[in-house]
Amino acid sequence: MGTEERKAREKERRRNNIIDAAEKVIFAKGLDQATMEEIAEEAELSKGTLYLYFKNKNELYMAITQRGSEILNRRFAKIFTGDHTGIELIRLMGDTYLDFVRNNPDYFNAFIYYESLKDAEELENSEMAQTCENNMREAMNYMVRCLQIGMQDGTIDDSYDPKELAILVWASTRGITNIHHMKKTGHHFQMLNEMEINTDSLFENFLNLIGTGMATEKGRKKKMTDGHLLKHTEE
């Protein structure tokens with residue numbers, strides 16, 4: 001290994017260690033309460049060294065968002081390693097997404113934060129923001145691919161535009177998942193409580209509803225077998 005390659009590896013290792021430290025501090029205290037001093041201390045670095053890698057907390061949080069979106073996309077990619085129809089793939093994507101949110105609520109909070117950023121200049125000048133955007137585009141492409149496979153194998157109605165349908169499914173799934181996430185992390189939904197709504201059941205029925213709506217008769221006859229979720233969402 002040459003000197004330059006060794007230096008590049010060391011720089012990447014330190015960068016990942018900083019992100020590890022940032023996750024530990026920010027996930028425990030919240031973005032507003034966490035400080036760069038605390039992150040530097042957790043990473044066992046000087047504050048000056050930390051700033052050589054990340055100029056502020058927002059940039060660090062964007063790096064966390066990037067990491068979370070890459071983990072999620074790897075799980076989406078694994079779905080395609082099995083022999084599934086398009087309608088089954090759609091269901092697996094929904095299950096995988098909800099499973100990710102359940103087990104990684106802090107990453108989901110980072111996703112929400114990134115999507116709420118309004119400083120266009122900050123986003124345009126950030127390599128990490130561009131990577132996050134590319135990761136979102138990749139996730140959407142997985143959804144489009146599922147729909148195209150279903151339209152080809154006859155399990156999804158091909159009268160829809162797959163890209164438009166992907167946006168509809170993504171937006172709806174995002175909304176339902178956000179309700180589930182907020183309820184699980186302590187937000188009070190009085191209306192849901194009064195209606196005695198179980199958010200797990202809500203998501204399950206939502207997936208059944210959209211699946212039925214886009215499925216052909218052939219697709220509606222398809223049954224998901226037990227164990228797919230665990231098999232395809234493990235890292």
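Quick one, can you get me the convex hull of the C-alpha atoms of segment 1-54 expressed as volume per residue in Å³? Please report the intermediate quantities before stating the final value.
On the way: hull volume 3.7 nm³, N = 54.
Each residue corresponds to 69 Å³ of Cα convex hull volume.
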Taking H placed 1.01 Å from N in the peptide plane, check which residues at least 5 places from residue 157 or on another chain put their amide H under 5 Å from its amide H.
-> 215, 216
Going residue by residue through segment 41-51, the Karplus relation 6.51 cos²θ - 1.76 cosθ + 1.60 with θ = phi - 60° gives ³J(HN,Hα) values, rounded to whole Hz and with x marking Gly or Pro, of 5, 5, 7, 6, 10, 6, 4, x, 5, 4, 5
Phi-derived 3J(HN,Hα) across segment 85-102 with the Karplus relation (6.51, -1.76, 1.60, θ = phi - 60°), rounded Hz, x for Gly and Pro, is 6, x, 5, 5, 5, 4, 5, 5, 5, x, 4, 5, 5, 5, 4, 5, 5, 4
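Coordinate-derived values only; no laboratory data. Please read these numbers as outputs of a predicted model, since none were measured by experiment.
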